[in-house]
Structures are given as structure tokens and as C-alpha cells.
1. Among A:Pro222, A:Pro130, A:Pro346, which one shows the biggest mean-square fluctuation in a GNM of chain A, springs joining Cα atoms closer than 10 Å?
2. What is segment A:291-332 by shape, rounded, prolate or oblate, if you read a ≥ b ≥ c off the alpha carbon gyration tensor as root eigenvalues and call it rounded for a/c under 1.5, prolate for a/b larger than b/c, and oblate otherwise?
3. Based on the Cβ-Cβ distance from B:Ala24 to A:Glu8, what FRET efficiency comes out when R0 is 51 Å, to the nearest 0.05?
4. Which value at 222 nm does chain A reach when only helices count, each DSSP H run of 4 or more adding -39,500 (n - 2.57), with the total divided by all residues and rounded to the nearest 500 deg cm²/dmol?
5. For the protein assembly as shown, what log10 I(q)/I(0) values come out of the Debye formula at q = 0.04, 0.06, 0.08, 0.10 1/Å, with one point per alpha carbon and no solvent?
6. Please give the charge dipole size of chain B, origin at the Cα centre, charges +1 on K and R Cβ atoms and -1 on D and E Cβ atoms. Round to the nearest 20 debye.
7. From the label point of A:Leu95, set 7 Å along Cα to the beta carbon, how far off in nm is each other copy's matching point, shortest first?
8. Tell me whether segment A:266-313 comes out rounded, prolate or oblate; compute the Cα gyration tensor, take square roots of the eigenvalues as a ≥ b ≥ c, and use a/c under 1.5 as the rounded threshold.
Protein chains: 2
Amino acid sequence: MHLASSAESQRVAELLTNDARFSARIEAANETVLARLQSADPVLKRVLPASDVVPGMSRETVLHSGPPIAWEDMCDLLRASLKAAVVFEGICPTLEEAERQLAQGQISLRSCHEVGGVAPLAGVVTASMPVFLVEDVNLGTQAFCPINEGLGKVLRYGAYGPEVFNRLRWMGEVLGPVLDKVLRKTGGIPVFGIMSHALHMGDECHNRHKAGTTLFLKALIPALLGEAGPEVEQAVAFISKTDVFFLNIAMPGVKCSTMAVEHVADSSIVTVLSQNGTRFGIRTAGTGKTWFEADAPFIKGKFFSGFDQSHANPGIGDSLITETMGFGGLAMAAAPALVRYIGGDPAEAKRLNELMYGIVAAEHPKHTIPSLNFRGTPFGIDVRKVVSCGVTPVANAGIAHRVPGEGQVGAGYIHTPMRCFEKALAALHKTLTEDPATQSS
Amino acid sequence: MHLASSAESQRVAELLTNDARFSARIEAANETVLARLQSADPVLKRVLPASDVVPGMSRETVLHSGPPIAWEDMCDLLRASLKAAVVFEGICPTLEEAERQLAQGQISLRSCHEVGGVAPLAGVVTASMPVFLVEDVNLGTQAFCPINEGLGKVLRYGAYGPEVFNRLRWMGEVLGPVLDKVLRKTGGIPVFGIMSHALHMGDECHNRHKAGTTLFLKALIPALLGEAGPEVEQAVAFISKTDVFFLNIAMPGVKCSTMAVEHVADSSIVTVLSQNGTRFGIRTAGTGKTWFEADAPFIKGKFFSGFDQSHANPGIGDSLITETMGFGGLAMAAAPALVRYIGGDPAEAKRLNELMYGIVAAEHPKHTIPSLNFRGTPFGIDVRKVVSCGVTPVANAGIAHRVPGEGQVGAGYIHTPMRCFEKALAALHKTLTEDPATQSS
């Protein structure tokens, strides 16, 4: 959060903010970005196997959360999830064989973000797994995310075994098809409609989705009428007990909105915040698909009883995509009930939230925070402001045990690393100075 | 709220607080009251015609909100609702005939509270109208409330005509039976379970029920599966669009809990807050069914565009029963999104909320307010403290147009009248001094 930026970065930030040769182009580009983001209308349309959604995804492809990373650089947690997923998908019969093939590059590993998707924590996606498909009906983009596995031993925390596989199999055979059938009957569920209401109902829409999940179920009711039988009953029971279920819908909702601004030249607005347990990476609109990375930070927060910092994995997962749209750590004042969970107090949460207004380009006209007198959520993180204020975005996150399968050990704030923003700023500066339009002016 | 109490009342409050002859008995009684209220577990069980629920309710009986009141003392709003209800029920063919019979006492008028029920605003209940039946499964009490009519022209604002009657007819023929069938399948919905979650989701559980209504629908889903057809579709659509639907379930939930302490001798805890548009009345546990009244106050708040104080009816309705259990005005800090609606700011709401801790006997162990660091809601309003602090309970309320049928014109706070609490205190003092146990000590 408060993380000093270098004098050289400060100078570049100053230049790109106050020198009209740069600032005019950046402001114009940012206006385009903000206008698109404000008109975003992501709609949850389908639940389909990943191979039906991700172009060219073969059975030997496995997708993972976070920026792209080589097998040898991955943390144990992500490796464990990948090995388990490879066995689950039937690509390899054993974890040992899976490890061998993964290490030798026989299995194609891709970052979700590189193919239009997101996955929380050490989330991995194989061809047969059902994913939420969200379409932005105004912006024309699509994004996907696997379905939340709920509580207990789960793949996204690197767990392996019958409990994990049975649930994943049920999700593919029952939950996914049931949800897809019901969703098609609704014609689609607008994601931001739910999130803007949830902000008034105690969710910050990253770590807390109690309202979002309940509103999602409410939206499904008309389509659930007329459905009967154990499969739909199981599906409803599973969603009902999984307070965080809506996270995996919110994430691709935001992702497909930000995909619409991934290639707006000259813009200084952040489009991706992501981490893989080893590296933290960001992207900006003006620099397209280039990643700017630093070591993944540890999460500061509250550990569950019996756990401490020594058990924690560095930050992992794509869920902080929500922060790029002004949710999560940028809307903490909306969720006082979350504060105790992550170890803080409501006044501190409000203060952090207010600090975020200093590093963004706008306040959202429709997403508002009642306890801040209905102020719009801060959104459109501007790398110039991050560097010049010396304040990086705060994101919310669950803390994963570094030992695969042990699960969540706490929750807290991620103070995203300043180095990523400095690198992004330098790259933006370079593209601007290399462009003849700037040199000739 | 801040309303000076007389020197004599202050003296009595001081006596009943500090003189052990009185205070020991009062404290012991209050402990009984608080223990019962804390163990309350109201469960919504059925939806049945009022005549099946209210003992001895004939077709010629009409129930109304607020303390008992004679026809000639009623405000136009309540009279209009009663006349319309009499015609709706088929007791009289015209409003004129209804007025004649009501004025001449040919129709039995009863206060809901006198027969174990509650009704919001100028709410009236006739024999055929479906009512929610809530049972406290720990305390053994029952209470009822009519179903919320939703938006538009409605009987509870004194409206009359085809729109009102068609809806009421549909509620009796479709909504009530559908809800009853579904509720029986669930086995009952615990009311406070929903309300304690709703407090963490932006509801204060009197004026705002967006979370409560959504959680209620969520709780119905398992029982809705397998149901189909236009009737259940209509019922779900009606509830889904009526954010305040859960109010009429919360009210009898609180009412049946407080009914379990209606006759705890010596207790200074308030059991009823209620108003009929003419008079405001309270009851306490120690004084049983006796009403202590003053003129019904006007509501201070925010008027909808085009309306002002000159359009307002004095406060009317039983909905502030929720305040007796620590909801509504006693939990304002839980509902920042409500604050703008009633014309205030979040800081003021928090301050008012904190003030309420001074006039209650306890903080609820299970109903908590996240933004107050999970402090328990203030509950168990103690008439001694109200008088000695010079602070009366703040209640939330909708402002009704004084002209029947015009509907809601705003929303705000009721500063409940001090005179009621002074009278209740004096009566409690009298019962204590008349009792030989006190005189002999």
C-alpha cells in the first residue's frame, strides 16, 4: 500500500502527468478506457466445459491462475493443483507421471489471463471442467472462470484425493449442466446488477459474496420453478451453503469488461492484477498484454486459530481482478462485516478505502458505497498516480497454506508491489517517447 | 429522542433505579425478561386466513394497527382503511354503509395487539385475509401479521378501488395458499436467523428488508423446487419485487417473542411501541396489557419530491414493534444505505444508534452490528433509563399521506413521545408501592 517509489519513477510519473506532450494523449486514452468500463454490462450466459469455451484447448492443455510461469519456478501449491488436475482429467494415471510430464513440458501450461479467463487461488482448469461464461453485452467481450468448489478439501488449495475428485466429477456431471440449463432459461444474469446491489448489502465483492450469492440465487428462482429432482436439489444446496460462490461469477464479469480496454494505446489504466504464488503481475491498457512483475507478496491479515505467517504461501490467484474495477480492497468501506474476518477495524477499513481514491482516474457512477455517503467506488487504477502517491492498490485475499491440500489459513490485505507499477509506467513512457507523434510535438 | 422528562418523573426513575426496595425487584424481573427475549426463536410456520388464527374472530370483526381507539377519534387514514376493508370483506356493499355501521359500533373493531397480532401503517385485517403465523418454538407464543401488499395503491395507505381489491383477492386466493404450501414443506423458517444475517447485510430490519426478503426467498428455494405453474410464478415475482416483504414476517417474529414477557411483574422493559395515527402507545412487561399513551408524533425525515410536512399523517402502524427487540432505529448503524432514504448521513445514524445503548438493559448476544465493531444491538428498552436519560427510543418509519389512498410521501425517524414512558414509569412505581412486599421491607 504505502510503498515508496524510486526517484526516477517519480520523475517519470511527473512527466507523464504534467507534460502536455504525454498527458494529453494519456488523458484522451484514459477517457476512452473509463467510458468503456462504465458502460460495461457483463452477463452470465452459460456454464460449459472449458474445451467448448477456450479456443484450441486440447485435452493436454491445463490452465492456471496468475501470470505465465515456468514449471520450475512454480510454488508447491500451484504444482500440486496442476498435478492433481492432470490426474483428474485422465491425462496421466499418477501424480508422479503427471509431475514428470509437466516438468518435461509434455503438457501445455497456459495462464488463464492469456486465453481470456481467470481462476481464484491455485485454480487450474482442464478441458472437461465446467466454466462460467460471461459475455459483456455492450462491449462484446467474453471471459470465463471455473465454478467455485466450495468448502473442504479443494483443488484450488492444492488438495488431492477422492473428496476432491468426487466433487469435481459431480460439478462436471451435475452442477455445470444444471446451472447451464437454468441459466439458459433466464436468458442470462447481469453480473454488475447484482454487484452494485451487493455493495449496499455488506459485500465488497471480492472476499465477501454473501449478498451476491443470495441475489444470484434469487435471480435463478423463476427458472428453477418447474425443475425438480435430486440433481437440481443438490445444485441449489451446494450454492446455498457456499457464501463465496458468486466470486467465480464476479471475476469473469470484471475480466470481460477489462478485456475491452486491453489494447487502448497510451492509457495508464491497470487492466489486470494477478499472482501465481511466485510472482505478482500487472498489465495496463496502454501496454496491452505485457506483464510487469515482482515477487508475489505475503498477505497481511488474520490467521485462523493454530496458524501463523510461517504457514502462509505468498499471494496466489486471479481474484484481485475485482480490484481493477473498484471492488474488493477498493470498496472495503462497503463491507464492515468482513473487517473482523481479515483482522482490522471498520475505521481502518474506511481510511484505506478513502486512500484508494488518490490512485484512480474516476468514481463509478453506478457502483456506490453507502457508508461513504454513496460515493462512487474508486476505479480505473492509474499507474502514474500509484507511483506519484507512493500508494499501491490494496486487494483482499484469502491466505493459502503453503503445503498443498491444507487449505485456507487466514485472510487479509495484499499490499500490491510498487515495482510492478514502476515497470509499467516506464514501459508506457517508452511507448510514448518512441511514438513519432510525441517526438514531433 | 432528546425530550425532557419532568422533575417528578426523574425523581421516580431515580427511586426505582437506586432504592433497593424497588431496584432489586425490578432487576430480578428484568433478568427474567432479558433471558426470555434472548432465547426467543420465532419461526414462520403458516399462512392462514385471519379467522383461522385469531380466536373468536367473526366475519364482522375488523382488526387495526395501533393502540385501541374509538371510531370518532381515528384519523381519516385509518377510517378509510377500515371502510375499504369492510367493503372488501363483503360486510357492507358500499363505503357509505360501511362508515355508518362502523360509526354506530355494529362492526367489532379491535387493536391487533389486543389479539396477538401486528399490522404496519393503517393496516387492517378482516376474517378472510391471509396472515403470517409465527410461533416462538422456545417460548411457546404465537403472533400474526397480514402479508405485505407491495407497491402501488394499497389498503395500508387507505386506498380503495379495483387495483387494491384485486390484489387483496389475489393475495387471499393465490399468494397465501402458495406460501402456506411452500412453508409447510420447509417445516418453518426461523425469523431471527434471517434477521441476524440481514443486520450484516445492510438491513436495520424495520425500514430496510432488502437482505431479509432475499434471504427469505433463498430459504424457500428447496421447497419451491418441484412447484410449477402461473400461481407460484406470480407469488415469487411478487415477493421478488417487494423489497420490504419481509417486514411483515419480522414484525410478528418480534411480537411473539415479546408476548412471552407481557406479564412479568415488576419489569421496567418495554414490550410494545405502537401508534394509530392519533395516539402513540407503549406497554411494559411489568404493567401487562395497560397502554400508556400520548399524541402520535409526526415523523421527522425526508419527503419524496413534491411533498412536505403539510401532507404528512402523524405516525401510524405497529411496525415499530421491531424496535422493542433492538432492530430499526436501535440498529441504524447496520444500514448505511437506508440513511439517504430517510434524510440523514451515516455519521449521524451511528451517533443516534450509540445513544440508544443508554436506554436499554442489554446488548443482544447474537444480533450484532458490524460497523460498531460487532457490538450487540441495544435491546430491552428500560422506561427508567428513558426517563432518567431524557432520551426516548428512535424508531424508523414511512411517512403516510394524510389523505387516504395517496400513499407514502417520505420516510424518517419517529422520536417516540416521552410522556408515554413517564406514565408507564409512574404506573410501575404505583404497582410496586401498592404491593405489600415493598411496603413491609
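1. Most flexible of the set in this elastic network: A:Pro222.
2. oblate
3. Efficiency computed from Cβ-Cβ geometry: 0.10.
4. After summing the helix terms and dividing by residue count, I get -11500 deg cm²/dmol.
5. -0.21, -0.46, -0.77, -1.07
6. Here the size comes out at about 540 debye.
7. Nearest to farthest, the other copies are at 7.7 nm.
8. prolate
Read-outs: derived from the displayed coordinates by stated rules, not from any lab. None of the values given here were measured: they were computed from a predicted structure. Note that each Cβ is placed from the backbone with ideal geometry, even for glycine, and that neighbours are counted across all protein chains shown.
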